[in-house]
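Student: Below: one structure in structure tokens.
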Amino acid sequence: MNLLNLLALPQSGAETFWFPSQASTGASRVDDLFYFIFYVSLFAFIAIVVATIIFSLKYSRSRVGIEPEDSPHHSTKIEIVWSVIPALFMVAMFWYGFKDYVDRRNPPADSYQIEAISQKWSWTFNYPNGAITTGGNPAIDEGEGLVVPVNKPVVIRLESTDVLHSFFVPAFRAKMDAVPGRYNYVWFEATEIGEFPLYCAEYCGSKHSRMLATVKVVSQEDFDTWVVAAADDSDLSPEERGKKLFGAKGCIACHSVSGVAGIGPALDSLYGKEETLVDGTKVAVDDNYIRESLLDPQAKVVEGYANVPMTSFAGQLDDDDISAIIAYLKSLN
Amino acid sequence: MSTTTNDHGHGHDPNRPKHLAHHFESLGQQFDSGKLGIWVFLLTEVLFFSALFVAYTMYRSNYPEVFQYASQFLDTKMGAINTVVLLLSSFTFAWAVRNAMLGEKSKLMLNLLITLVCAGGFMGIKYVEYSHKFHEGTLWGGNESTIFKADPADVPAEMKEHSSAWNNTDGKYSVAVKDLDPAFRQKVGVFFGVYFCLTGLHGIHVMIGMILIVWLLLRTRRGDFGPTNFNAIDFGALYWHLVDLIWIFLFPLLYLIT
Amino acid sequence: MSDHTHDSGEEHIGHVLPLSLLVKVFGGLVLLTGLTVYTGTMDLHGFDLPVAMVIATCKASLVCLFFMHLKYDKPFIGMIFLLSVLFVGLFLAFVTHDAGQYQGDIQAYTSEHLGGE
Amino acid sequence: MAPSTNSLDRTNYLNATKGFRSWFMTIDHKRLGLMYLWSVIGCFILGGFFAMKIRWTLTPGVTDFMTQTVEQMNAYNNAFTVHGAVMIFLVIIPSIPAALGNFVLPIMLGVKDVAFPKLNRLSYHLWLIGALLFVATLFIGNLDTGWTFYPPYSTGHTDVSVITAVLGAFVLGFSSIFTGLNFIVTIHKMRPPGMTWFKMPLFLWAIYATAIIQILATPVVGISLLLLLVEKTMQIGIFTPALGGDPVFFQHLFWFYSHPAVYVMILPGMGVMSELFATFSRKPIFGYKSIAMASIAIAILSFIVWGHHMFVSGQSETMSVIFSALTFSVAVPSAIKVFNWIATLYKGSIAFTTPMLYGLSIIWLFGIGGLTGMFHSTLGTSVHLHDTYFVVAHFHFVMVGSALFGFIGGIFYWWPKMYGRMAEGALSKWGCLLSFVGFNMTFLPLFPAGSRGMPRRYAGYTEAAGFDSYNMAATVGAVVLAVGLCMALYSLIRSLKHGEKAPANPWGGVTLEWQCTSPPPEHNFDIDPPTVDDPYDMTLVEWRGQEEGFLPKNPRSDDPCIADIQKA
């Protein structure tokens, strides 16, 4: 951190005193706007500092004596000047900020869409072809992270299974909250191949600071190969396939596997347990119960969840899929 | 807020009215200050309720059919009776202010008593309405045992689209929550959430008002109020009218959605 | 209050409203309540809410002007009250407009995640 | 005994009555002001303790990211929540209006007390209850929602300590409302003859503007918190999405109060600034009317900018654009004030007393705080900077560098009036200097940290993230800042015994509070009513030496004290 770099403008998208490297098409626009405001502010600030220092030295009581000479108490002309000039700069700031914002709220039509499901305290990314990835920060887990192609607009559809989270990639200057109960969208077009940190920027509980992930930008060819391979689950064990389906089919949106009930009951350490139903009867959680709950969710609703009916997965999951999910739930014990 | 003998000017005057607070110059200043104070307080009350009105407007504008449907579970007759009861209490309180200004102590007592009785009546009717809803289970979303019941005639055709299983039991259609279209049902829960918050908060204000009236009654009996000293009655009445005012809006907004 | 003319603020202490006026206002309020119940039972083709609100505002104005004697108070007091209504209106307009705009994102989510349909 | 305008040896409001009850149940605005002052200082120490805990956790090398336990993270989350909630609800919001405002406002108006003294006492008692609820929160659970209490985290995902905290904030809200109500009525109805609106000291304008916000905005947060409470305890689903509610709606309600609340914090600080700059430049404030009008403009405009807290929350595009534009509108009057203060220095006679040193610090700190605000009102940059340390640094420059420094400057300015003793000296000046340096060391590095992507409310950062050097600098700065603040506090406490006796008007102010003796008598003035003149015509008083301070050039003949001095 060299303080002399404070004033330096970015050189071809590289890291500067103020910013990480510019890795998306939006980044340079944000930075340009930032530097515009920065230089205007710096000028104003220096003017303030210089004026206070000069006045303090020149008109200190030890120098001018206790009674100052008479001077004007107001001047409409000068007051208008120093109201209007800042206002003009602000109009400019607003205008460019507004244009940039509108562009970044509206993804191009040909964008590649990825679903990002956030939960305490991790991300799951669903690709259109069924590929699923998670996390990606080496300090936290071994997930593959969010993999995106370079030079291609990517729109992320954000949802949350529990509390507010926020999708924040500093290198892309992109941020949007993931709000439970609705979708939010954020888009970017990566311009640089590499790995960039992805943070949760909205406080979400104990391990908020560990809700880290990585965005991996790869070339379009690499991406195409990767995404096909990632969706291919033929070599996976049933548990691993179940885990993938659990994310891909959106189960994780309501059912956490971390012991904390979300919209639906938590499903870890559930297999083999006994649950109380809305009508007071008890049922053992076994293969049949899980199968039934997937195909006809309203048949046996657990006490406390009458109000949040689950969608039936009949027709969406075949027998192999259901077995895989059962295997996965077993493995959570 | 005091009885007084005479008033001729400021602090060091031995003729200073004994209930003129030490920091005021005159009874007029004291009254004006109190008046401005109570109005500023009423303004904060308006903003206090505003958030709920905003919630109401926001949900109603986005889910008009839910509000239309859910409003049918409110008893218009009781709402209307309560409106009149509250209006009557406002009238007697306004009359009480007149009594206080004219120094009519016994009429003042009587009017305050009627106001108190009306307030009690309002809360009584509210209690009947509430207990009915708790009994029927028309409650906010968090309550799972909710079963909506309605007279067959009251169930609009479009409602049938939102639920599959209307049962005719005890001469009423009833539908268990789990059979309502879930998205729709959630919002019905929100309507009742807003309903209970709005009327509940209003009810709390009525109860505070009742305590206030009892206090005013006690002070009246003690002979505190007279032609130059009726500030407490006047300000209490202003508060009471505001409570009435809020109900004037709540009634059509909640009960009369067609 | 006639024998307290020395006090400059005295003329403000107490504007006594005639009883007949109070009765008339109360009568008007009850009538308007009846009217709003009556219009409430009719189908006014989308004008139900505006009509109900106009009637409620009339009732509120009666209460404010006479019961709360705003009509006889300094205009400043009325201004305070209007100011609060103005702020509520602003608040309401901003929030409702915003919620209306993003409602699509909520409904898209709900229809995909909540079973039933 | 030589005649003096210092009344420590006579009956004054401090020694008129004695005992716990005479203070706790007092309706004297001066005593209430002092009780607020010390209570606020106590809460500041509590909040400061948690600030140090935050800095300590984040200091590189103290906690290893890889081995940090959930308990440690929870403790950190609790620390930043309590720090924020205590500093905002219990320190900055009541600091200037309730503590200094209560003490100064009636005297500035030349009256004996505020309009509703008993309500004033109720405000203080409510404040105490609110404070106790907050303190109780510390023992009930691990409050970790952040001071914003966002649902659904606060309603469904954390423990019951939210309930006491929310109740505390609710009660404190009413304390704040009643204080505002009292000040509005006092200013409207009790100004002495001759004090027209435009002859009112600017501090009163600022307090008046603050009171407008307090009464209009605080009820909204009151009801929002109440709704949060019923939602948490009874599952009424207005905000919780699982029950059909809308969490973004809560943010609207919350910021409808909490953004104006920012101006509840800064406007009174600006009022203090205006007094300091006029008095210590011995010159009428430059552009009196535009400063006064700017206060009111800020108060009104502050209500229509709240959405800039929600640019990335899912607020609609249209509303974000509208809010961005409106936000800039509030920047203009703030800028006007800064320019006016600087212009006041021009051709003045500037005395570098402790309060003025705070005043000059604020010019720079508020300059930075205000200018960095523009990065947040500009949509394009705001999205990137949202919820990073850039925001944290920005609002600390405004809340601490301007509001809190204004509070401390105000304490030093009115201290002679409060206790009849001067707290002026090398110690207090070094305290100010160290605070200024320490503050900048703490928060300046956080600007680039934030713009480089350092998210806030994180209990730790990986080394690879590259934020360690910023955190190290901030921690060192925080220690310097703490030392500076302790020196300031020590110089105040020390002066109670050892400070020189203060004359009625040690600084040369011409607002009415400098006409009564120091400390004032029970009912504020020996003469009645006091003379009202232009509040910034400095030629009305002249310097009479260290002991007598400034005295009126044309004293009133019925002022016993001054007459005695002039005879002597």
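Student: Among the numbered criteria (1) over 20 Å from residue C:110 (Cα atoms); (2) in contact (Cβ under 8 Å) with a residue 12 or more places away in the chain, which single criterion is violated by residue A:176?
Tutor: It fails just one condition, (1).
Student: Within the stretch A:42-64, restricting attention to residues that are touching a Gly at 6+ places or on another chain (Cβ under 6 Å) and in a helix (DSSP H, G or I), which residue is surrounded by the most Cβ atoms within 10 Å (Cβ to Cβ)?
Tutor: This residue is A:48.
Student: Can you spot a residue in the stretch D:480-492 that is touching a Pro at 6+ places or on another chain (Cβ under 9 Å) and either in a helix (DSSP H, G or I) or acidic (Asp, Glu) (or both)?
Tutor: No, the stretch D:480-492 contains no residue that is touching a Pro at 6+ places or on another chain (Cβ under 9 Å) and either in a helix (DSSP H, G or I) or acidic (Asp, Glu) (or both).
Student: Next question. For residue D:262, are the conditions met, namely being assigned to a helix (DSSP H, G or I), among the aliphatic types (A, V, I, L, M) and farther than 27 Å from residue D:402 by Cβ?
Tutor: No; evaluated as a whole, the condition is false for this residue.
Student: Evaluate the stretch D:58-73: report whether one residue or more is among the polar types (S, T, N, Q), closer than 30 Å to residue D:17 by Cα and either assigned to a helix (DSSP H, G or I) or touching a strand residue (DSSP E or B) at 6+ places or on another chain (Cβ under 6 Å) (or both).
Tutor: No: zero hits.
Matching residues to (1) in contact (Cβ under 8 Å) with a residue 24 or more places away in the chain; (2) facing another protein chain (nearest Cβ under 8 Å); (3) surrounded by 24 or more Cβ atoms within 10 Å (Cβ to Cβ):
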residue: D:270; (1), (2), (3): yes, no, yes
residue: D:278; (1), (2), (3): yes, no, yes
residue: D:307; (1), (2), (3): yes, yes, yes
residue: D:331; (1), (2), (3): yes, yes, no
residue: D:350; (1), (2), (3): yes, yes, yes
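Student: Under the condition of being closer than 30 Å to residue D:420 by Cβ and of a type in the set (Val, Ile, Thr), which residue from the stretch D:457-499 is surrounded by the most Cβ atoms within 10 Å (Cβ to Cβ)?
Tutor: Among those that are closer than 30 Å to residue D:420 by Cβ and of a type in the set (Val, Ile, Thr), it is D:483.
Student: Which of the following residues is of a type in the set (Val, Ile, Thr) and modelled with pLDDT under 95: B:46, B:84?
Tutor: B:46
Student: Going by what's in this entry, would residue C:17 be described as more than 21 Å from residue B:253 (Cα to Cα), out of contact with any Asp or Glu (no Cβ under 8 Å at 6 or more places or on another chain) and facing another protein chain (nearest Cβ under 8 Å)?
Tutor: yes
Student: Next up: What single numbered condition from (1) touching a residue at least 12 places away in the same chain (Cβ under 8 Å); (2) of a type in the set (Gly, Ala, Ser); (3) farther than 22 Å from residue A:84 by Cβ fails to hold for residue D:302?
Tutor: Going through the list (1) touching a residue at least 12 places away in the same chain (Cβ under 8 Å); (2) of a type in the set (Gly, Ala, Ser); (3) farther than 22 Å from residue A:84 by Cβ, residue D:302 breaks only (3).
Student: Could you please find all residues in the stretch A:111-132 being of a type in the set (Ser, Thr, Tyr), in a loop (DSSP other than H, G, I, E, B) and closer than 21 Å to residue A:195 by Cβ?
Tutor: Residue satisfying the conditions is A:127 alone.
Student: Quick one: residue D:31 ticks every box in (1) modelled with pLDDT under 95; (2) buried (at least 21 other Cβ atoms within 10 Å of the Cβ) except a single one, so which number is it?
Tutor: Every condition holds for residue D:31 apart from (1).
Student: Taking interchain pairs and intrachain pairs at least six residues apart, which have beta carbon atoms under 8 angstrom, with the first residue in the stretch D:59-71 and over 10 Å from residue D:471 (Cβ atoms) and the second surrounded by fewer than 10 Cβ atoms within 10 Å (Cβ to Cβ) and not hydroxyl-bearing (Ser, Thr, Tyr)?
Tutor: none
Student: Can you confirm whether residue D:144 is within 14 Å of chain A (Cβ to nearest Cβ) and either crowded, with 19+ Cβ neighbours inside 10 Å or more than 17 Å from residue A:163 (Cβ to Cβ) (or both)?
Tutor: Against the criterion (within 14 Å of chain A (Cβ to nearest Cβ) and either crowded, with 19+ Cβ neighbours inside 10 Å or more than 17 Å from residue A:163 (Cβ to Cβ) (or both)), residue D:144 qualifies.
Student: Can you pull out the residues in the stretch A:211-246 that are modelled with pLDDT under 90, polar (S, T, N, Q) and surrounded by 13 or more Cβ atoms within 10 Å (Cβ to Cβ)?
Tutor: A:237
Student: Right, here's the next one. Being within 23 Å of residue B:123 (Cα to Cα) and more than 9 Å from every other protein chain (Cβ to nearest Cβ) is the filter here; which residues of the stretch B:222-239 pass it?
Tutor: The answer is B:233, B:235, B:236, B:239.
Student: Here is a list: D:240, D:233. Which entry is of a type in the set (Ser, Thr, Tyr), touching a residue at least 60 places away in the same chain (Cβ under 8 Å) and surrounded by fewer than 24 Cβ atoms within 10 Å (Cβ to Cβ)?
Tutor: Unique residue meeting the criteria: D:233.
Student: May I pose another question? If only one of A:190, A:201, A:178, A:231 is under 30 Å from residue A:297 (Cα atoms) and under 21 Å from the mean Cα position of the chain (by Cα), which one is it?
Tutor: Of the residues listed, the single one that is under 30 Å from residue A:297 (Cα atoms) and under 21 Å from the mean Cα position of the chain (by Cα) is A:178.
Student: With the structure loaded, tell me whether residue C:63 is surrounded by 14 or more Cβ atoms within 10 Å (Cβ to Cβ), within 25 Å of residue D:212 (Cβ to Cβ), modelled with pLDDT of 90 or more and at the interface with chain B (Cβ under 7 Å from one of its Cβ atoms) or whether it fails that test.
Tutor: Spelling it out, it is not the case that residue C:63 is surrounded by 14 or more Cβ atoms within 10 Å (Cβ to Cβ), within 25 Å of residue D:212 (Cβ to Cβ), modelled with pLDDT of 90 or more and at the interface with chain B (Cβ under 7 Å from one of its Cβ atoms).
Residues are listed down the side, and each one gets a yes or a no for (1) surrounded by fewer than 20 Cβ atoms within 10 Å (Cβ to Cβ); (2) away from chain D (no Cβ under 14 Å); (3) in contact (Cβ under 8 Å) with a residue 60 or more places away in the chain; (4) part of a helix (DSSP H, G or I):
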residue	(1), (2), (3), (4)
C:24	yes, yes, no, yes
C:33	no, yes, no, yes
C:52	no, yes, no, yes
C:55	no, yes, no, yes
C:78	yes, yes, no, yes
C:92	yes, no, no, yes
C:111	yes, no, no, yes
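Student: Return the residue satisfying two criteria in turn: it lies in the stretch A:133-149 and is in a strand (DSSP E or B) and modelled with pLDDT of 85 or more, and of such residues it is farthest from residue A:209 (Cα to Cα).
Tutor: The extreme case among them is A:149.
Student: I'd like to check something: does the stretch C:81-90 contain any residue that is surrounded by 13 or more Cβ atoms within 10 Å (Cβ to Cβ) and away from chain D (no Cβ under 14 Å)?
Tutor: The answer is no; no qualifying residue exists.
Student: Among what's in the stretch D:288-319 and is part of a loop (DSSP other than H, G, I, E, B) and among the polar types (S, T, N, Q), pick the residue that is farthest from residue D:373 (Cα to Cα).
Tutor: D:316
Student: Which residues, taken from the stretch D:424-452, are outside any helix (DSSP H, G or I) and not hydrophobic (A, V, I, L, M, F, W, C)?
Tutor: Hits for the stretch D:424-452 are D:424, D:425, D:445, D:452.
Student: Go through the stretch D:174-209 and report how many residues are farther than 17 Å from residue B:42 by Cβ, within 14 Å of chain B (Cβ to nearest Cβ) and buried (at least 24 other Cβ atoms within 10 Å of the Cβ).
Tutor: So the count comes out to 6.
Student: Out of (1) under 21 Å from residue C:23 (Cα atoms); (2) more than 14 Å from chain C (Cβ to nearest Cβ); (3) surrounded by fewer than 24 Cβ atoms within 10 Å (Cβ to Cβ); (4) modelled with pLDDT of 95 or more, the odd one out for residue B:112 is which?
Tutor: Here residue B:112 clears every test but (3).
Student: When you go through (1) touching a residue at least 40 places away in the same chain (Cβ under 8 Å); (2) assigned to a helix (DSSP H, G or I); (3) within 15 Å of residue B:252 (Cα to Cα) one by one for residue B:74, which number turns out not to apply?
Tutor: Of everything listed in (1) touching a residue at least 40 places away in the same chain (Cβ under 8 Å); (2) assigned to a helix (DSSP H, G or I); (3) within 15 Å of residue B:252 (Cα to Cα), residue B:74 misses just condition (2).
Student: Taking residue D:404 as the residue in question, decide whether it is assigned to a helix (DSSP H, G or I) and surrounded by fewer than 24 Cβ atoms within 10 Å (Cβ to Cβ).
Tutor: Criteria not met by residue D:404.
The values are calculated or read from the model by the stated rules, or taken from the named source; none is laboratory data. No experiment lies behind these values; they were computed from the predicted model shown. As a convention, Cβ positions derive from the backbone with ideal geometry for all residues, glycine included, and neighbour counts pool all protein chains shown.
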